[in-house]
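The values are calculated or read from the model by the stated rules, or taken from the named source; none is laboratory data. Everything quoted here is computed from the prediction, not taken from an experiment. Cβ coordinates were reconstructed from backbone atoms using ideal geometry, including for glycine residues, and neighbour counts include every protein chain displayed. With ligands, DNA and RNA removed, areas are computed over all heavy atoms of the protein, side chains included. Shrake-Rupley method; radii C 1.70, N 1.55, O 1.52, S 1.80 Å.
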Amino acid sequence: MTDHRAVNLLRSMKRIRLVEETIAERYAEWKMRCPTHLCTGQETVGAAVGQVLRPDDFALSTHRSHGHYLGKGGDLKRMLAEIYLKGTGCSGGKGGSMHLIDREAGFKGSTAIVGGTIPLAVGLGLSIALKGSDQISCVFFGDGAVEEGVFYESVSFAALKQLPVLFVCENNFYSVYTPVAKRQPAGRAIHALAAAMGVNARHGDGNDPLAVLDQVEAAVAEIRSGGGPRFLEFETYRWREHCGPNYDNHIGYRTEAEFLAWKERDPVLRLEAELLARGAVTGEQVAAMTDTINEEIAAAFLFAEQSPFPAPEELHAQVFKQ
Amino acid sequence: MSRIITYAKAINEAYFQAMEQDPAVICFGLGIDDPKGVFGTTLGLQDRFGSARVFDMPTAENGMTGVAIGASLNGIRPVMCHQRLDFFLLALDQLVNNAAKWHYMFGGQDSVPITIRLIIGRGWGQGPTHSQNLQALFAHIPGLKVVMPTTAEDAKGLLLASIFDDNPVVFIEHRWLHNLEGHVPEEACRTPLGKAATVREGRDLTMVSFSYMTIEALHALDVLEKQGISCELIDLRSIKPLDWPTVFASVRKTGRLLALDTGPEFCSVAAEVVARVGMECFDALRQAPQRLALPDVPTPSSPSLKKVFYQRSEDIVQAVGGMLGRELSVAELEQQRTWPLDVPGEWFRGPF
């Protein structure tokens, strides 16, 4: 792996982390008036996939999509303006945090119904096959989505037609407050479900950034060369509450010890340490990288705050495409 | 040039012409390439356009609706079909949560140009889960268009218009109309969505109808005419958007409204028509508007229960008589029915 790619991955992961943590810090101002699902702690997968995919590849996501959107190249200002529900937001203020889109970056949309975008990614894969291009369609989802019927319907059809689809499951072990042990039988792996449906499936540690990048690169290369769909499952962990800016380890659905064990395995710090150790970056360079990102974030928040809300007449606009 | 063909053939012709006009049009559905070709409506398509554009699908209504939506986000125009509306209820998640709001919730960027053909019916013991008329359910969802053609010409024209509309369209066909014949233009005609047709002009009362009920209404109108009652019959064609100006203008002329519906009465299309006419045309109404729809019970299977469940032309005549305070004869209509009530005509031999 070239250092250049690893440093870009670090930059992307840091950027996602700092955006999420700034949202958490400022959420109490009550200006971001929508449910907001932060991905602090699970930045790796969105950053790595986004880095490997081309801008003309498609990606779709879930309620927890900030990292996927930013990783794929989505515009930060327009994302924050959307979370502020402003007319300049990426969805014109009609979507909010759970409905992000950036067509120029190939980010085709995120929605809030669990599993809801999985068949859309397969449909985009079908459109690619019909048009004969070498694009890839990627969808991010969590461990809860594999409990939805539509997951099976979608993966099965992608296998049947050998469509160029990359399924990416971030297994963070919780569906809101419900642990995976209460939802899925012991000893059954998510990636094994996909394999049983006829899709080449692999899994890995979602908090090991360079390993994730390798796995994504391999899968994307295989799909691009006509190998059909691929399924990747990465285990990772969200630090903050399911929805909102706080920590919630005290309320009783998970333990502080479990959280601390995952925090010890902070993927951003891990990658930074690895790159420092092998001399791919210097401490000064990392500090400069952080400063640059923070300046960008400050400017984006200012843009979002200063943007106007949608005009009242927007209520009736865009119900139908005219 | 027009010639006489069936409603099913008109649908088939619309497919052929849409797929010839635009390589982005694809179609799929369970059984689309089987020997029966969805009541004859999809016969020959795969031979002509190939299995990449015309294909059978897994029994996965929700997932495949999502596949259609996803493909449409990259310039494809999918046409899905389901041999019974009831099975499509499995896909309400994708239809309501994604297709209906994709354009709006992302600020008017991508849109979802998909057409979903659903077949409804009545009779032949189809019963509770094989003949539901749930058009009102779809019409209730902002962002969906709902069309229900009655004639063969409109079946073709509305299907072509639906396929080339940039929004999701739920296209509902009544099984009892598939064998109906009518003049249909040979060219790829498009009937605009949202425009009703005034099927018959009249003075005394406005009937607002759609789909198969328009056929029952036509039979009723002839008998009413002979008894000196002149009714105006409006066939909505599109349930949503609904052509309110045509409805209001007619009610303002006649002063009376009888709204007909093929579905259950509570929150029905007929209920909406009665409500809006009551609000907008109150000054012009000579009496309270009425509606004729199905009772609020699941669809029964037995012929003896269906007889009291479905509305027929006789019921329409009697409803008009009730509004006008007249005893009207339905003897002629009863004599016309030489076949059992649970089939559309002697041509129908089942099994579905």
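Descriptive notes on the structure:
- Taking (1) exposed (fewer than 14 other Cβ atoms within 10 Å of the Cβ); (2) touching a Gly at 6+ places or on another chain (Cβ under 7 Å); (3) farther than 20 Å from B:Leu218 by Cβ in turn, B:Ser304 satisfies each apart from (2).
- Selection of the range B:207-226 for residues being in contact with a Lys or Arg (Cβ under 8 Å, 6 or more places away or on another chain) and farther than 17 Å from B:Ala152 by Cα yields only B:Leu221.
- Yes/no for B:Ser301 being part of a loop (DSSP other than H, G, I, E, B) and at pLDDT below 95: yes
- Some residue of the range B:281-295 being open to solvent by less than 60 Å² (accessible area, probe 1.4 Å), touching a residue at least 60 places away in the same chain (Cβ under 8 Å), touching a Gly at 6+ places or on another chain (Cβ under 8 Å) and not acidic (Asp, Glu): yes
- Selected residue [touching a strand residue (DSSP E or B) at 6+ places or on another chain (Cβ under 8 Å), open to solvent by less than 40 Å² (accessible area, probe 1.4 Å) and under 12 Å from B:Gly66 (Cβ atoms)] from A:Phe157, A:Phe151, A:Phe141: A:Phe151
- Scanning the range A:281-322 for residues being within 26 Å of the chain's Cα centre (by Cα), away from every other protein chain (no Cβ under 14 Å) and of a type in the set (Gly, Ala, Ser) gives a total of 6.
- Selection within the range A:86-116 - more than 8 Å from chain B (Cβ to nearest Cβ), part of a loop (DSSP other than H, G, I, E, B) and of a type outside the set (Gly, Ala, Ser): A:Lys86, A:Thr88, A:Met98, A:Leu100, A:Val114
- Restricting attention to the range A:117-138, the residues that are more than 9 Å from chain B (Cβ to nearest Cβ) and closer than 16 Å to A:Asn200 by Cα add up to 2.
- A single member of A:Gly67, A:Gly41, A:Gly73 is open to solvent by less than 20 Å² (accessible area, probe 1.4 Å) and either of a type in the set (S, T, N, Q) or without any contact (Cβ under 8 Å) to a residue 60 or more places away in the chain (or both), and it is A:Gly67.
- Those residues of the range B:140-166 which are in contact with a Leu (Cβ under 8 Å, 6 or more places away or on another chain) and within 14 Å of chain A (Cβ to nearest Cβ), in sequence order: B:Ile141, B:Leu144, B:Lys145, B:Val147, B:Ala161, B:Ser162, B:Asp165
- Residues within the range A:89-144 that are aliphatic (A, V, I, L, M) and within 19 Å of A:Leu70 (Cα to Cα), tallied: 8
- Every condition in (1) crowded, with 23+ Cβ neighbours inside 10 Å; (2) at the interface with chain B (Cβ under 8 Å from one of its Cβ atoms); (3) within 21 Å of B:Ile69 (Cα to Cα) is met by A:Leu166 except one, and the failing one is (2).
- Scanning the range A:308-318 for any residue that is polar (S, T, N, Q) and free of Cβ contacts under 8 Å to residues at least 40 places away in the same chain turns up nothing.
- Search result, residues across the range A:266-280 that are surrounded by fewer than 16 Cβ atoms within 10 Å (Cβ to Cβ) and under 22 Å from the mean Cα position of the chain (by Cα): A:Leu269
- Meeting the requirement of 3 or more residues that are open to solvent by 10 Å² or more (accessible area, probe 1.4 Å), the strands (runs of 3 or more DSSP E) wholly within the range B:133-229 are B:181-185, B:197-200.
- Residues in the range A:46-82 that are within 23 Å of A:Gly115 (Cβ to Cβ), of a type in the set (Val, Ile, Thr) and away from chain B (no Cβ under 14 Å): A:Val49 alone.
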